[in-house]
Amino acid sequence: MSVIQAVGSFLMIAGTVLSVLAAWGVLDFPSALARMHAATKSASLGLGLIAVGAGLGAASWGLTGIGVLVAAFLFMTAPITGHLLGRAAYAAGQIDGLVHDGLAGEAPPKAQITVDTDRTLSPIRWIALVLVWVLLWRDLSAGTLLGGAVVASLIELIRRADQRRDVNLVGLVRFFANYAWLVVASNLRVAWEVITPNNDQIEEAIVAVPLQTRSVATALLVANAISYTPGSLSMELSADPWILYVHVLHFTSVEDVQESVSKLEVLAMRAISNPVPVDETSPPS
């Protein structure tokens, strides 16, 4: 067994352990929202590690690339799933035992967004599309690169609506480096809660966090990323003004929750420097 295959085996074992802990948390945690922490955090990282580890274990860079794509799609979709299921459970009155509820009696307005039509090519998105094409074909030949370039260009040209924004690459790297650490820390925290008897440290709360940004992209980035911070899950995002409602497993104070979200928001604002404007003249629906 080579070193790469050994790393792949380790990743698959770690992913399996996290997946088992996620299933245990879904059965053991006291409320629907608490269970979504296990399902969102541990399940997505666990399956992602298994997918990447399987490619490394097979000593195939093509399969490893597919595993990376699977992990990326899991991390993009799991927060949305957790948000929708958690919000549905709250709306159905299935949430009890909150020590603080910043969403009680609120009917947050929907964001009214002004979208500019733009057919210009985005180099960052174009490169990402080519990379996805290469990984799906599992081939780095000139023909595959050319085909990916053509497909990516066609996708960019037929886009009928594009949200204009400037991306700060250094800020984006810093954001995702912090995000990666939060993913690891949140999974360790959930794992600890799962193996701790009686869940004595869990004190659930929903906290309203006013956001500084006026950017749709930044607000959505923070809302999705916050679901991978230790003990936090996005519940709702409202506009006029932007307010993010966050469910926490270990509530200490409103100020502590707002401060932790604010730190992540600052990183996101530095990564996305030219936001899409919010149409403040449109009435909330």
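The values are calculated or read from the model by the stated rules, or taken from the named source; none is laboratory data. This one's a predicted model, so the numbers in the text were calculated from it and none came from an experiment. Every residue, glycine among them, receives a Cβ derived from its backbone with ideal geometry; neighbour counts consider all protein chains shown.
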Enumeration of residues in the range 82-102 that are at pLDDT below 80 and not small (Gly, Ala, Ser)
His83, Gln94, Ile95, Asp96
Which residue, of Gly65, Gly82, Gly102, is over 17 Å from Ile226 (Cβ atoms) and crowded, with 16+ Cβ neighbours inside 10 Å?
Gly65
Hey, can you tell me all the residues within the range 187-221 that are part of a loop (DSSP other than H, G, I, E, B), over 25 Å from Ala91 (Cα atoms), touching a residue at least 40 places away in the same chain (Cβ under 8 Å) and more than 19 Å from the chain's Cα centre (by Cα)?
Gln201, Gln212, Arg214
Return the residue satisfying two criteria in turn: it lies in the range 222-239 and is in a helix (DSSP H, G or I) and at pLDDT below 85, and of such residues it is farthest from Leu84 (Cα to Cα).
Tyr228
Please find, among Gly62, Gly25, the residue that is within 19 Å of Trp192 (Cα to Cα), touching an Asp or Glu at 6+ places or on another chain (Cβ under 8 Å) and part of a helix (DSSP H, G or I).
Gly25
